[in-house]
Structures are given as structure tokens and as C-alpha cells.
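Below you'll find the structure, written out as C-alpha cells, and then a few comments.
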Amino acid sequence: MDSRVSELFGGCCRPATGGAGGTLRGRGGPAPGSGGSGSKAKKKNGRSRGGKANNPPYLPPEVSTPGRADCRRLKLVNPSQYRFEHLVTQMKWRLQEGRGEAVYQIGVEDNGLLVGLSEEEMRASLKTLRRMAEKVGADITVLREREVDYDSDVPRKITEVLVRKVPDNQQFLDLRVAVLGNVDSGKSTLLGVLTQGELDNGRGRARLNLFRHLHEIQSGRTSSISFEILGFNSKGEVVNYSDSRTAEEICESSSKMITFIDLAGHHKYLKTTIFGLTSYCPDFAMLVVSANTGIAGTTREHLGLAMALKVPFFIVISKVDLCSKATVERTVKQLERILKQPGCNKLPLLVNSDDDAVTAAQQFAQSPNITPIFTLSSVSGENLDLLKVFLNILPPLTNSKEQEELMQQLTEFQVDEIYTVPEVGTVVGGTLSSGICREGENLVVGPTDDGKFLRLKVCSIQRNRSACRVLRAGQAATLALGPFDRSLLRKGMVMVSPEMNPTICSVFEAEIVLLFHATTFRKGFQVTVHVGNVRQTAIVEKIHGKDKLRTGEKAVVRFRFIKHPEYLKIGAKLLFREGVTKGIGHVTDLQAITTKENGLEESLGSGQLSF
């Protein structure tokens, strides 16, 4: 990046050591500058202090970023009625593209020239922007301002504004964040503080409401998967349980929802953690590291899982109130060394201010190599607000077009959890992979142990613990199935549209990389295979082109499930393990079971199935 732009935009949010990767700036807009708001820039009237003429600073051309529509506007001062209506229409489109969010950069020309506006012009432009937002039912929040003194004797500013639409029909923006980290690193306590709005007492009080089992309360360790929600309204304010709100009230008041998936940190619950990462399809992962213990226990393993499954992750260093500044810095450097290793190739960004958090959120969504690092305390509340700013601005990874394409496909719902609720009946929880699911819709579920699919009806839907009539692709929810026999269901099944001809198999091939094995990986070896919400033991039937595999080697391997057939897709990410043996890969071929083999009628495609 040009040094002139670096000095104005991007001096604040820096790499953790100020080293590799240079200075980073915000996505498509003004990033924090070393001068700060109201500070004098080093250049004025196009000339440096030495009197030499300098070229005007530019931002690069606008780039379409997944999940967020950015817009540059030089100024919006007293537009005509026709111009105003045109701007409103444009804002509607940008909000639709950004799934309810858009960032406006005021004072920047379309070609990226950093012109800036006077105080009066900026005030008038923000007033016009607020009128536009009201017209479409949205709110605006000023993210940050920067003073630009280039080519003018009058102080000129650039302002970055977040426009967020008030939710319609409960269609808030929902992001899923998986919480990883070693046991006793403070994961559940951090979630308790974020969602309950009260600081911890230093003895784990904040985490008590998150535990699902008595033994978790007694041991203080999470052993199951739990979900917590953190809402933000259209003005970017936190909506949580602090005002005695119910989950339904939080959903109604929020235009953006962060669903935290609290996973287990202890090594003996690793299979549960892997299931949470593979089946719940998190958008991001938050790796929590204790400042006083550093990288210990399962931290490296969880980091490796996130990278193997290509889940973007950021890091939170907790318990900084227990450590000296030198200890925290040592933990940061330890993380930095690991992140910069050839296997990771990440650029760590240490977040120390609100401007850092804004830039980190924008760059994190734009580049997969950037890893923000937060240092905070759940007891003192230090830097806790920085994490909230980051989560508030963090955009989704998919845009509205990709979402529409998924919704056009046939319905497919992954069954991740099964419950029996009094007076309701059988309830399943999971994620809608594609299509649209409505109340009263007829679907088929399977495969059963003998490879069949069974008919059922969706009686009601709940999303984030509040009633919902329509479920769209990518959303997680629970579906009530009424009197359907729970014993016929299991984790790993799918509920699909009767029109779909689902491909089920017991034998499949995958291209794998053996990450670690003590000796040699041969035919006949048994491993636990994780593919999406499928988790089952499989036996190695054949290694193509080789007799055996050693650590680090690649091959195409044929697996056979030892218990029952599963629903798989070609290209699906695969992870397998057995003891210390670990490997990753993707499915390349399926030996599908035909309708005749699995005992179904030829009318499978028309949905004429029975129990």
C-alpha cells in the first residue's frame, strides 16, 4: 500500500509484532490512522513539509465482499427529490445484497480519492443518509471518523457509517460462532459474561447457566454442546439477558444474532467437539486461550481442526487479570509463532481499540489469512467491549445471491439432535442445508439401518427458541415431528423433500492426507469417520496405488461403514481419527445403493413412501 495512505489509514490496527504483512486497512474504506480523530495530518495542500508536491491519496477500487455491500459517497448534501429517491433505491439494493447490512464511506470519491468533507457538509450528508435509512426502515451507526487535511485549509473528514435494516418477519441476520479452546481456558465463562451482561466473580459464577448436566456443574467442565445467543439491534446495541429478557424477546429485538456453539475442551470429549464443528456448520470459530497457561492441552488440536475444516477463526486471550503484562505478551508471541508457521500462514492482528476492532472485522471477512487477537478479562471486563464491537460489525460469509441459490434447491435438513418434549412429542434439531422448510410440510427422513426413508410431517418450527413459520437455507432450528417414533431416528440422518432421490451408500472413496499415524496405515484399519453430521466407524478396504501410508502421505482410500449406510455427497469434507491417528480429505466417489437394493419402492422419486 502507498505510504501516504498508510499514514492516514491503517496505522492503528497492526500485526501483533508489527512485522510480516505490513500495514493493513479496512475493507474498501478508511481504516484507523495513526493521527486519530481530530489529529493533524502530515500533508497539507498537496505538499509535504519539505515543499515537494505529493500525489493525492487513493483507496483501491471498490471490491465486492461476501456478505457486505460497501458504498462510497463523496457527499449527500441537499439532493433533489429525484436524486433522493434514486439513492434510496440504491440503498435498498445494497441492504438486500448485504443481507440487511451495508457500509457507507462518506467523503470518498467513486475512484477511491480521499477528498473528505467539511464539518457542515458532513453533518448535512449524515442527515441525508439518516433520512434515506428511515425511508427503508433502517438505522445508521457511525463507526469511525478520520480527519484528512489534504489540499485544503479547512479540516476535512471521512466518515464510515454502518446501515442496518430493522428485521422483517423475524429475518434477523444470524452468524454461528463455534467456541474452541483447552479445558479451563474460560470459554463458558466468557460466553456467560457476553450473553448475561454481568461480569464473573472469579470463581465461575457466569458459566453456571450454560451447563446442561449436573456433572458439568460439579466439575466445571463442559462435556456437551450448548448454544447461547447474543443479539444486536439495528443501532448496534447489545440485546441480551441483562434486562430479564427471554430468548424470544431477544430475537424480536435483534436485527443481528450471534449464536455461540459452546464446545468441550477436554481431550476425552474430542469426538463431541469434532461433531459440533462438522455438523453445525459454524461461520466462524473463536479460539480461547488462557493467558496464564498459554498454548496447552487441546489448543493446538482445536486450531488444527478449524484449519482442516477451513473455518475462519479469531483468538481470544482470556484471564489477563491474573497475569502480568509480560506474561500476556509472552502468550501473544507464542500464538504469533504458531500462526506464522508454514502450515498456518496467518497474519495475527492485535486489537487494542475500537478502531482496531472495526478494521479487524472488515479485514477478517475479506482475507482468510488474517487472524484478529483479543486480550480480555471476564472478571474485570477489560477489552470486553472490543470483542462486542468486532462481533457487531462482522459480516456474513455469503451474500444474498448465494443464499437465493441455496433456497432454490430441494429441502435438505441435517438431524443433529433428537429430543422428546412433553405435550409436543419428538423434536429434532439441526441445520437446513438447502431449500425452504415450512410448517406442515411433508418430508422423508433416513436412511434407516436397512437403508429406507420414512415419511413424516413438520408440525412446528422454532429458531433460537422462538416460533418461526418458515426456515431458510443455512439456518439452524428445531422441528417438532409430533407423534413420530423417536426410536426410528438417530444423529446423522437427513430430512429431505420427497421429490429428491437421495444418494445413500455403505462404501465410498475419499482423497485423504494422513496427518499422523504411529506406524503404517494399511488395509483393514478401522477409524471413526466424520462427514458433516455423519459420525460412524469405517474400515479401510483399499488404498489405491499403495500398500500402506505413512504420516504426511496422500492417497485415494476406499472406506466401508461397518454398521449402516449413510447419506453422503461428493466433495464433502472428511475427517477421520482413531486414537492418535488423524487424517483429513474429501469424498471423491460413492457406491450408491439403488432403490432395489435398499428395499424401497420405485416410487421413491414421487415420495410414495410408507413406514
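The values are calculated or read from the model by the stated rules, or taken from the named source; none is laboratory data. From a predicted model like this one, the values you see are computed outputs, not experimental measurements. Cβ atoms come from the backbone with ideal geometry, glycine included; neighbour counts cover every protein chain shown. Heavy atoms of the whole protein, side chains included, go into the accessibility calculation; ligands, DNA and RNA do not. Shrake-Rupley method; radii C 1.70, N 1.55, O 1.52, S 1.80 Å.
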| Do you know which residues across region 418-437 are within 15 Å of residue 403 (Cβ to Cβ) and either aromatic (Phe, Trp, Tyr) or touching a helix residue (DSSP H, G or I) at 6+ places or on another chain (Cβ under 7 Å) (or both)? | 434, 435, 436
| field | Tally, over region 470-498, of residues that are open to solvent by 30 Å² or more (accessible area, probe 1.4 Å), small (Gly, Ala, Ser) and more than 14 Å from residue 432 (Cα to Cα) | value | 1
| query | Considering 514, 568, 489, which residue is in contact with a Leu (Cβ under 8 Å, 6 or more places away or on another chain), touching a residue at least 12 places away in the same chain (Cβ under 8 Å) and within 19 Å of residue 416 (Cβ to Cβ)? | reply | 568
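Looking only at region 294-315, which residues are aliphatic (A, V, I, L, M) and either in contact with a Cys (Cβ under 8 Å, 6 or more places away or on another chain) or surrounded by 17 or more Cβ atoms within 10 Å (Cβ to Cβ) (or both)?
303, 305, 306, 307, 308, 309, 311, 315
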| Enumeration of residues in region 447-469 that are open to solvent by less than 40 Å² (accessible area, probe 1.4 Å) and either under 21 Å from the mean Cα position of the chain (by Cα) or under 27 Å from residue 402 (Cα atoms) (or both) | 458, 461, 463, 464, 466, 468
| Scanning for something closer than 20 Å to residue 467 by Cβ, open to solvent by less than 80 Å² (accessible area, probe 1.4 Å) and modelled with pLDDT under 85, does region 218-240 turn up at least one residue? | no
| message | Can you confirm whether residue 532 is modelled with pLDDT under 95 and closer than 22 Å to residue 225 by Cα? | response | yes
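If a residue must be farther than 12 Å from residue 314 by Cβ and not acidic (Asp, Glu), how many such residues does region 348-367 contain? Reasoning before the result, please.
Quick first cut of region 348-367, residues farther than 12 Å from residue 314 by Cβ only: 352-356, 358-359, 362, 366-367.
Still in the running and not acidic (Asp, Glu): 352-353, 358-359, 362, 366-367.
Summing the residues that are farther than 12 Å from residue 314 by Cβ and not acidic (Asp, Glu) in region 348-367 gives 7.
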| From the residues in region 80-111 that are more than 19 Å from residue 159 (Cα to Cα) and among the aromatic types (Phe, Trp, Tyr), which one is most open to solvent (accessible area, probe 1.4 Å)? | 82
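Conditions (1) outside any strand (DSSP E or B); (2) more than 30 Å from residue 445 (Cβ to Cβ); (3) open to solvent by less than 50 Å² (accessible area, probe 1.4 Å), marked per residue:
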| residue | (1), (2), (3) |
| --- | --- |
| 542 | no, yes, no |
| 552 | yes, yes, no |
| 569 | yes, no, no |
| 582 | no, yes, no |
| note | Only one of 371, 331 is in a strand (DSSP E or B), of a type in the set (S, T, N, Q) and surrounded by 17 or more Cβ atoms within 10 Å (Cβ to Cβ), namely 371
| Does residue 318 satisfy being open to solvent by 10 Å² or more (accessible area, probe 1.4 Å), over 18 Å from residue 395 (Cα atoms) and hydroxyl-bearing (Ser, Thr, Tyr)? | no
| query | Does at least one position in region 241-260 carry a residue that is under 23 Å from residue 578 (Cβ atoms), touching a residue at least 40 places away in the same chain (Cβ under 8 Å), open to solvent by 30 Å² or more (accessible area, probe 1.4 Å) and among the aromatic types (Phe, Trp, Tyr)? | reply | no
| message | Taking the conditions exactly as written (in the same structural domain as residue 177 (by the TED database), at pLDDT 95 or above, aromatic (Phe, Trp, Tyr) and buried (at least 16 other Cβ atoms within 10 Å of the Cβ)), does residue 275 satisfy them or not? | response | no
| note | residue 291 fails exactly one of (1) over 18 Å from residue 179 (Cβ atoms); (2) touching a Cys at 6+ places or on another chain (Cβ under 7 Å), namely (1)
| Criterion (open to solvent by 20 Å² or more (accessible area, probe 1.4 Å), of a type in the set (Asp, Glu) and under 19 Å from the mean Cα position of the chain (by Cα)) met by exactly one of 423, 402 | 402
